[in-house]
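A short worksheet on the structure shown next.
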Amino acid sequence: MRKILIKNIKGLVQAGEEIPMVLRGAEMADVPLISDAFLALEDGFVVAYGPMSELQGIDDWRDLELIDAEGKYVLPAFCDSHTHTVFARSREEEFVDRINGLTYEDIALKGGGILNSARRLAEMSEDELFDQAMQRIHQLMKYGTGAIEIKSGYGLSVEAEIKMLRVVKRLKENAPIVVKATFLGAHAFPREFKADHRGYIELIKNEMLPKIAEEGLADYIDVFCERNYFSVDEMEEILLEGKKYGLVPKVHVNQFSALGGVAKAVELGALSVDHLEEITDEDIEALKNSNCMPTILPSCSHFLGIPFGDARKMISAGLPVALASDFNPGSTPSGNLGFVWSLACVKMKLTPEEALNALTVNAAYAMGLSESHGKIALGRKTPILMTKQLPSLAYIPYAFGDMHIERIIV
Ligand code: NIG
Ligand code: FE
């Protein structure tokens, strides 16, 4: 048995037996913290924690790893509930095009963007995609990511979508952290279906979905609901078909325009609605009293220079909010959730505590991991982060761009 005792922890964060599955509105402001604490793990399971004064004598030192966390914080690892971590190549030439005045939409209309990534992915082998994605996951773990959702959507053909999802399946089996898979065949209309939306939707429904279900390749189904991409009606048709195979909706909506996709996704039982750079009062009404997690992706806003999601408005309305990276080669070439934490504070005016809850408790919910991730409680196998020596927890989002995580324990 692998036993770990972390002692002298400056602040043990989000450890408790009463932390709810979802934190809504004003509840997001509080993060429990035990000063001068210890945490004991056995084979990754939390077996004891509390103030150092309550630490019992240790009677069996065999196989015990003792960690002194003097001056350091210990917290649950972040959950990244929205990423596109499997991709073939970076797209910095589009970044330069945008610096020179083109918009993300201009680039997509020229055949760049998602279609650019799809052309490259078609040429790359499954093994190479797997190796690259695994390297990325290891890098993201250093930044504190302890669970990750990964979407397809750079395939856009039966063959390539299946290839992507097989890569995600191999990542699930081999990565040190939990991986969830989302089928995003409806990410963009491929060139040959530009004038034949019906044809592509039929391909998704009749060929992609049955194969994906047969091989058990996805947990969730996503659609990019946006002008020039998929309409609300098209999203509904695809999500309904996915639900027949047991895939839960988790969608891209309101990145550039509010088309009514939020209410429709909520109606269809979506676990989360993601992006929300644009939000209407109707969207907020639809989210009230629902089980759907609004998820905001501030690194995407930062990189594309588009508005930041109005998390304050959502929290004031009593809604929960989750944060995720959106790591992908086009709109967000960074999966660093420490940076997301900082952006959420600086640009969205979340307090450090609200943003942390959005990256842990609420993010775990947004990827179906509430039972295991996002908080430290007895009997749970939760990945744990230990920081470097820090003056305070708020120092993490404050001193942006620095690396504050010393170690992740998975
Ligand atoms: O979430 N907006 C849709 N999909 C991705 C970007 C994809 C890309 O540009 O490659 C996103 O931002
Ligand atoms: Fe995305």
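The values are calculated or read from the model by the stated rules, or taken from the named source; none is laboratory data. These figures come from a predicted structure and were not determined experimentally. Cβ placement follows ideal geometry from the backbone for every residue including glycine, while neighbour counts extend to all protein chains displayed.
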Original post:
Which condition number does residue 81 fail, the rest of (1) surrounded by 14 or more Cβ atoms within 10 Å (Cβ to Cβ); (2) within 27 Å of the chain's Cα centre (by Cα); (3) over 14 Å from residue 361 (Cβ atoms); (4) not acidic (Asp, Glu) being met?
Top reply: (3)
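Looking at the structure I just gave you, is residue 291 surrounded by fewer than 24 Cβ atoms within 10 Å (Cβ to Cβ) and of a type outside the set (Asp, Glu)?
Values: surrounded by fewer than 24 Cβ atoms within 10 Å (Cβ to Cβ): yes; of a type outside the set (Asp, Glu): yes.
Answer is yes for this residue.
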Original post:
Could you say which residue among 13, 22, 46, 31 is surrounded by 14 or more Cβ atoms within 10 Å (Cβ to Cβ), closer than 15 Å to residue 384 by Cα, under 21 Å from the mean Cα position of the chain (by Cα) and not assigned by TED's automatic domain parsing to the domain that holds residue 338?
Top reply: 13
Original post:
From the set of residues in the stretch 105-127 that are touching a Ser or Thr at 6+ places or on another chain (Cβ under 9 Å) and near ligand 1 (Cβ under 10 Å from one of its atoms), which is farthest from residue 228 (Cα to Cα)?
Top reply: 118
**OP:** Mind checking which helices (runs of 4 or more DSSP H) fall wholly inside the stretch 150-215 and carry at least 1 residues that are within 15 Å of ligand 1 (Cβ to nearest atom) and modelled with pLDDT of 95 or more?
**Re:** 158-174
Subject >> Number of the condition not met by residue 228 [criteria: (1) assigned to a helix (DSSP H, G or I); (2) modelled with pLDDT under 95] >> reply: (1)
**OP:** Just give me the residues in the stretch 106-147 being outside any helix (DSSP H, G or I) and within 16 Å of ligand 2 (Cβ to nearest atom), in sequence order.
**Re:** 113, 145
Original post:
Consider residue 67 against the criteria (1) closer than 23 Å to residue 357 by Cα; (2) of a type in the set (A, V, I, L, M, F, W, C); (3) in a strand (DSSP E or B): it satisfies all of them except one. Which criterion is unmet?
Top reply: (1)
Subject >> Hits in the stretch 303-329 (condition: in a helix (DSSP H, G or I) and either within 12 Å of ligand 1 (Cβ to nearest atom) or not assigned by TED's automatic domain parsing to the domain that holds residue 352 (or both)) >> reply: 303, 304
Subject >> Filtered residue count, the stretch 49-71, keeping only those that are more than 21 Å from residue 392 (Cβ to Cβ) and either surrounded by 16 or more Cβ atoms within 10 Å (Cβ to Cβ) or not small (Gly, Ala, Ser) (or both) >> reply: 12
Original post:
When both residues are 6+ apart or on different chains and their Cβ atoms are under 6 Å apart, which pairs have a first residue that lies in the stretch 334-354 and is within 24 Å of residue 87 (Cβ to Cβ), and a second that is surrounded by fewer than 20 Cβ atoms within 10 Å (Cβ to Cβ)?
Top reply: 343/302
**OP:** Output the residues belonging to the stretch 270-288 that are surrounded by 18 or more Cβ atoms within 10 Å (Cβ to Cβ) and part of a helix (DSSP H, G or I).
**Re:** 283, 284, 286, 287
Subject >> Residue, surrounded by the most Cβ atoms within 10 Å (Cβ to Cβ), within the stretch 231-269, restricted to residues that are of a type outside the set (A, V, I, L, M, F, W, C) and within 16 Å of ligand 2 (Cβ to nearest atom) >> reply: 250
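I'm trying to understand the selection: among the residues of the stretch 330-354, which are in a loop (DSSP other than H, G, I, E, B) and of a type in the set (A, V, I, L, M)? Steps first, please.
Step one: of the stretch 330-354, the residues in a loop (DSSP other than H, G, I, E, B) are 330-331, 333-336, 349-351.
350, the sole residue that qualifies.
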Subject >> Of residues in the stretch 390-410 being aromatic (Phe, Trp, Tyr) and in contact (Cβ under 8 Å) with a residue 40 or more places away in the chain, the one farthest from residue 141 (Cα to Cα) >> reply: 398
